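Structure first, then comments.
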Amino acid sequence: MPVSKAQQRATHKYAKNHYDRLEMQVPKGKKKIISTHAIEHDGSINKFLNRAVDEAMERDKNK
């Protein structure tokens, strides 16, 4: 069933109020590699990137 315009607006408003957006550039072809890995391990690119960032920051904090 298609999502209504009202639902799309509500979802956009929620995301705008609760999340920050980042844009990341990777070399051609790497997006597919990242996507495949993320789906195999976390289920989404967003979850994978958040986990990777959290792990890197924790590692850096313990240096």
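The numbers here are math on the coordinates, done by the rules we state, and not lab data. None of these values were measured; they are calculated from a predicted model. Neighbour counts run over all protein chains shown; Cβ positions are idealised from the backbone, glycine included.
Only one residue in Val3, Val53, Val26 is on the phi < 0 side of the Ramachandran plot, surrounded by 11 or more Cβ atoms within 10 Å (Cβ to Cβ) and of a type outside the set (S, T, N, Q), so which one is that? It would help to see each step written out before you state the result.
Values: Val3 fails: surrounded by 11 or more Cβ atoms within 10 Å (Cβ to Cβ); Val26 fails: surrounded by 11 or more Cβ atoms within 10 Å (Cβ to Cβ).
Residue meeting the stated conditions: Val53.
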Exercise for the section: Find all pairs meeting these conditions: Cβ atoms under 6 angstrom apart; at least six residues apart or on different chains; first residue within segment 45-62 and under 24 Å from Lys30 (Cα atoms); second residue in a loop (DSSP other than H, G, I, E, B). Expected result: Phe48/Asp42
